[in-house]
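J.: Attaching a single structure in structure tokens format; questions to follow.
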Amino acid sequence: MTNFNVQNNDLHVFESLESEVRSYCRSFPTKFQKASGYQLWDANGRCYTDFFAGAGALNYGHNEPRMKEQLLQYLTGDGVTHSLDMATEAKEKFLSAFHDIILKPRKLKYKVMFPGPTGTNSVESALKLARKITGRETIMSFTNAFHGMTLGALAVTGNKFKRNGAGVPLNHTVSMPYDGYMGKDIDSLQFIENYLQDSGSGMSLPAAVIVETIQGEGGINVASTEWLQGLERLCRSYGMLLIVDDVQMGCGRTGTFFSFERSGIEPDIVCMSKSISGYGLPMAITLLKPELDEWTPGEHNGTFRGNNLAFITATEALQYWKTDKFSTEIAVKAEKVAQALARLVKKYPELKGEYRGLGLMQGIALEPGIADQLSKLAFERGLIMETSGTDSEVIKIMPPLTIDISALEAGLQILDECMQEVLVEANNEAQVVNS
Ligand SMILES: *Cc1c(COP(=O)(O)O)cnc(C)c1O
């Protein structure tokens with residue numbers, strides 16, 4: 001039997017013992033050991049700046065000190081860790097803080113449901129409830145949408161590669177063009193309404209529409225406020241529930257706590273996970289308008305709906321939202337990134353970049369292969385930066401919201417150097433071909 005005696009950045013344990021399904025560890029091939037704020041250190045002591053933030057699960061950075069302190073106190077005091085969905089003090093504090101700090105000032109009335117601890121669990125609960133309430137089967141989703149990996153959520157996800165993994169038909173859904181999908185000058189809502197209106201369209205009336213206000217995984221596609229408002233009107237006209245999947249764009253990623261605040265829409269159901277616990281601990285919530293709470297006790301159950309450690313850090317995370325200060329800081333950083341990316345698009349016209357984004361979810365769409373190359377070069381320079389889009393065509397800037405301006409600027413400088421290097425490499429290859 002092989003003895004797995006591992007040193008430093010040797011990855012052979014993962015390569016031989018872990019499934020081929022491994023993904024991010026291939027893009028960032030080192031062994032991470034420590035993390036704090038916007039930084040990570042590997043087993044060789046090498047420091048990395050994190051422009052990926054756990055795909056949006058680390059909006060407040062790694063091991064945020066106040067959350068860590070609360071967590072340590074709770075652990076030391078033998079606070080309950082697992083409790084199914086029994087009433088605990090930790091959950092009570094979270095529910096009260098969520099009501100007082102988030103819902104009340106925004107005049108939003110939602111009941112909080114705890115599905116299983118992941119984003120896809122929240123999406124499944126939303127789809128199930130919408131079908132139960134309306135008695136309709138179909139859910140309308142959008143091109144390039146991403147909602148998770150379980151069958152229900154996969155059925156409303158656009159990506160062909162991910163869908164093919166299902167192995168069974170993904171049905172009872174209809175995919176419609178997202179804002180801008182049919183070209184800048186075509187209003188996709190008009191197209192959708194034609195389908196809803198026309199008794200010959202072949203589409204049964206959907207129970208609900210599920211939408212991301214910005215498609216993160218799908219390529220950083222931003223829906224306009226008019227489009228979101230129009231979509232809400234369509235939902236009201238045709239008795240469809242409006243579900244906003246705020247799993248990635250919520251908790252401040254776009255600058256406000258909920259991503260839909262900029263449009264003034266009021267979804268019937270909101271899915272949240274990723275940064276809701278604030279500390280990277282698994283937790284999800286599904287918000288429901290009170291009149292939609294037609295669940296009967298235990299109808300949607302699950303073992304891990306009471307992660308009290310996550311409730312403790314989540315409650316602390318909400319303290320960031322007590323004033324406007326955090327939102328204002330995010331807006332300042334977002335503006336810095338927007339200016340830097342616009343400058344890079346101009347500086348390297350050969351790369352034919354197209355700027356995209358909002359808040360601290362921004363990026364540049366590039367020709368096939370370039371974004372992957374940039375991510376690789378950035379990693380070599382100590383910057384963790386992912387791609388997004390069906391063909392990984394977008395380089396994505398998604399740091400913790402708490403990152404320092406100077407670290408943000410340093411990271412963007414690295415991106416600049418990488419873009420330059422991509423051009424140099426392309427020119428060298430062209431010379432080899434020509435010689
Ligand atoms: C990440 C994500 C999900 C799925 O969350 P998991 O915790 O990975 O199941 C769903 N919707 C959106 C928009 C996401 O970004």
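J.: For region 315-326, indicate whether the set of residues that are in contact (Cβ under 8 Å) with a residue 24 or more places away in the chain, more than 30 Å from CYS418 (Cβ to Cβ), polar (S, T, N, Q) and in a helix (DSSP H, G or I) is non-empty.
T.: Yes: one or more hits.
J.: Going by the conditions given, is LEU95 away from the ligand (no atom under 16 Å from the Cβ) and open to solvent by 10 Å² or more (accessible area, probe 1.4 Å)?
T.: Working: away from the ligand (no atom under 16 Å from the Cβ): yes; open to solvent by 10 Å² or more (accessible area, probe 1.4 Å): yes.
It is true that LEU95 is away from the ligand (no atom under 16 Å from the Cβ) and open to solvent by 10 Å² or more (accessible area, probe 1.4 Å).
J.: While we're looking at this one, here's another question. In the list PHE146, PHE161, which residue meets the criterion of being part of a helix (DSSP H, G or I) and among the aromatic types (Phe, Trp, Tyr)? Before you say what the answer is, go through the steps one by one.
T.: Values: PHE146 fails: part of a helix (DSSP H, G or I).
Residue meeting the stated conditions: PHE161.
J.: Quick one: how many residues across region 269-303 are touching a Gly at 6+ places or on another chain (Cβ under 6 Å) and more than 12 Å from the ligand (Cβ to nearest atom)?
T.: Looking only at that region, the number is 1.
J.: Starting from residues that are part of a helix (DSSP H, G or I) and open to solvent by 30 Å² or more (accessible area, probe 1.4 Å), keep the ones in region 181-228 and report whichever is farthest from ARG253 (Cα to Cα). Can you show your working first?
T.: Of all residues in region 181-228, those part of a helix (DSSP H, G or I) come to 188-197, 225-228.
With open to solvent by 30 Å² or more (accessible area, probe 1.4 Å) added as a condition, the list becomes 190-191, 193-195, 197, 225-226.
Working: GLN190: 29, PHE191: 30, GLU193: 30, ASN194: 34, TYR195: 33, GLN197: 36, THR225: 17, GLU226: 20 Å.
It comes out as GLN197.
J.: Any residue at all in region 208-222 that's touching a Phe, Trp or Tyr at 6+ places or on another chain (Cβ under 9 Å), away from the ligand (no atom under 13 Å from the Cβ) and in the same structural domain as MET140 (by TED's automatic domain parsing)? Can you show your working first?
T.: Within region 208-222, the first condition is being touching a Phe, Trp or Tyr at 6+ places or on another chain (Cβ under 9 Å), and the residues that meet it are 209-213, 215-218, 221.
Right, trim to away from the ligand (no atom under 13 Å from the Cβ) and you get 209.
Within this subset, residues satisfying the condition of being in the same structural domain as MET140 (by TED's automatic domain parsing) are 209.
Looking through region 208-222, at least one residue is touching a Phe, Trp or Tyr at 6+ places or on another chain (Cβ under 9 Å), away from the ligand (no atom under 13 Å from the Cβ) and in the same structural domain as MET140 (by TED's automatic domain parsing).
J.: Criterion first (within 16 Å of the ligand (Cβ to nearest atom) and either in the same structural domain as ILE397 (by TED's automatic domain parsing) or modelled with pLDDT under 95 (or both)) does ALA53 satisfy it? Step through it out loud before you land on a result.
T.: Values: within 16 Å of the ligand (Cβ to nearest atom): yes; either in the same structural domain as ILE397 (by TED's automatic domain parsing) or modelled with pLDDT under 95 (or both): yes.
Spelling it out, ALA53 is indeed within 16 Å of the ligand (Cβ to nearest atom) and either in the same structural domain as ILE397 (by TED's automatic domain parsing) or modelled with pLDDT under 95 (or both).
J.: Determine the pairs where a residue that is over 30 Å from THR143 (Cα atoms), located within region 390-413, has a partner that is part of a loop (DSSP other than H, G, I, E, B) and open to solvent by 10 Å² or more (accessible area, probe 1.4 Å) with Cβ atoms under 6 Å apart, the partner being 6 or more residues away or on another chain.
T.: ILE403/TYR38; ALA407/TYR38
J.: Scan region 42-56 residue by residue and report those that are out of contact with any Pro (no Cβ under 9 Å at 6 or more places or on another chain) and open to solvent by less than 20 Å² (accessible area, probe 1.4 Å).
T.: Hits for region 42-56 are ASP42, TYR48, ALA55, GLY56.
J.: Within region 257-311, which residues are out of contact with any strand residue (DSSP E or B) (no Cβ under 8 Å at 6 or more places or on another chain), of a type in the set (S, T, N, Q) and part of a helix (DSSP H, G or I)?
T.: SER263, SER275
J.: Residues in region 108-126: is at least one open to solvent by 50 Å² or more (accessible area, probe 1.4 Å), within 14 Å of the ligand (Cβ to nearest atom) and either in contact with a strand residue (DSSP E or B) (Cβ under 6 Å, 6 or more places away or on another chain) or of a type in the set (Val, Ile, Thr) (or both)?
T.: Looking through region 108-126, at least one residue is open to solvent by 50 Å² or more (accessible area, probe 1.4 Å), within 14 Å of the ligand (Cβ to nearest atom) and either in contact with a strand residue (DSSP E or B) (Cβ under 6 Å, 6 or more places away or on another chain) or of a type in the set (Val, Ile, Thr) (or both).
J.: Exactly one condition in (1) of a type in the set (Val, Ile, Thr); (2) within 14 Å of the ligand (Cβ to nearest atom); (3) open to solvent by 70 Å² or more (accessible area, probe 1.4 Å) is false for THR76; which is it?
T.: Here THR76 meets the rest and fails (2).
J.: When you scan region 248-260, do you find a residue that is within 12 Å of the ligand (Cβ to nearest atom) and open to solvent by 10 Å² or more (accessible area, probe 1.4 Å), even just one? Lay out the reasoning, then the answer.
T.: Taking region 248-260 and keeping what is within 12 Å of the ligand (Cβ to nearest atom), we get 248-251, 253, 259.
If we keep only those that are open to solvent by 10 Å² or more (accessible area, probe 1.4 Å) too, we end up with 248.
Yes.
J.: Hey, another quick one. Output the helices (runs of 4 or more DSSP H) that fall wholly within region 33-136 and possess 2 or more residues being under 25 Å from VAL244 (Cα atoms) and of a type in the set (A, V, I, L, M), or say none. Lay out the reasoning, then the answer.
T.: Details: elements: 53-56, 65-76, 89-97, 119-134.
Of the helices (runs of 4 or more DSSP H) lying wholly inside region 33-136, those with at least 2 residues that are under 25 Å from VAL244 (Cα atoms) and of a type in the set (A, V, I, L, M) span 53-56, 89-97, 119-134.
J.: What is the number of the single condition among (1) over 19 Å from the mean Cα position of the chain (by Cα); (2) open to solvent by less than 10 Å² (accessible area, probe 1.4 Å) that GLU266 does not meet?
T.: (2) is the only condition that GLU266 fails.
J.: Here's another thing I want to ask about it. For the structure I just gave you, tell me whether GLU232 is within 12 Å of the chain's Cα centre (by Cα) and among the acidic types (Asp, Glu). Walk me through it before giving the result.
T.: Working: within 12 Å of the chain's Cα centre (by Cα): no; among the acidic types (Asp, Glu): yes.
For GLU232, the condition - within 12 Å of the chain's Cα centre (by Cα) and among the acidic types (Asp, Glu) - is not met.
J.: Right, next: How about region 347-365: which of its residues are part of a loop (DSSP other than H, G, I, E, B) and touching a Lys or Arg at 6+ places or on another chain (Cβ under 7 Å)?
T.: Taking region 347-365 first, the residues part of a loop (DSSP other than H, G, I, E, B) are 348, 352-353, 359-360.
Across region 347-365, the qualifying residues are GLY359, LEU360.
J.: Taking the options PHE32, PHE28, name whichever one is open to solvent by less than 90 Å² (accessible area, probe 1.4 Å), under 30 Å from THR303 (Cβ atoms) and not assigned by TED's automatic domain parsing to the domain that holds ALA314.
T.: Values: PHE28 fails: under 30 Å from THR303 (Cβ atoms).
Residue meeting the stated conditions: PHE32.
J.: In the list LEU234, LEU242, which residue meets the criterion of being farther than 18 Å from ASN121 by Cβ and assigned to a strand (DSSP E or B)? Steps first, please.
T.: Numbers: LEU234 fails: assigned to a strand (DSSP E or B).
Sole residue among the options that is farther than 18 Å from ASN121 by Cβ and assigned to a strand (DSSP E or B): LEU242.
J.: Pick out the one residue from THR134, THR138, THR173 that is within 16 Å of the ligand (Cβ to nearest atom) and either over 26 Å from SER275 (Cα atoms) or of a type in the set (S, T, N, Q) (or both). If you could, list the steps in order and put the result at the bottom.
T.: Values: THR134 fails: within 16 Å of the ligand (Cβ to nearest atom); THR138 fails: within 16 Å of the ligand (Cβ to nearest atom).
Sole residue among the options that is within 16 Å of the ligand (Cβ to nearest atom) and either over 26 Å from SER275 (Cα atoms) or of a type in the set (S, T, N, Q) (or both): THR173.
The values are calculated or read from the model by the stated rules, or taken from the named source; none is laboratory data. Just so you know, these numbers come straight off a predicted model, no measurement behind them. Positions of Cβ are generated from backbone atoms using ideal geometry, with glycine treated the same way; all protein chains shown enter the neighbour counts. Surface areas here come from the heavy atoms of the whole protein model, side chains and all, with no ligands, DNA or RNA. Shrake-Rupley method; radii C 1.70, N 1.55, O 1.52, S 1.80 Å.
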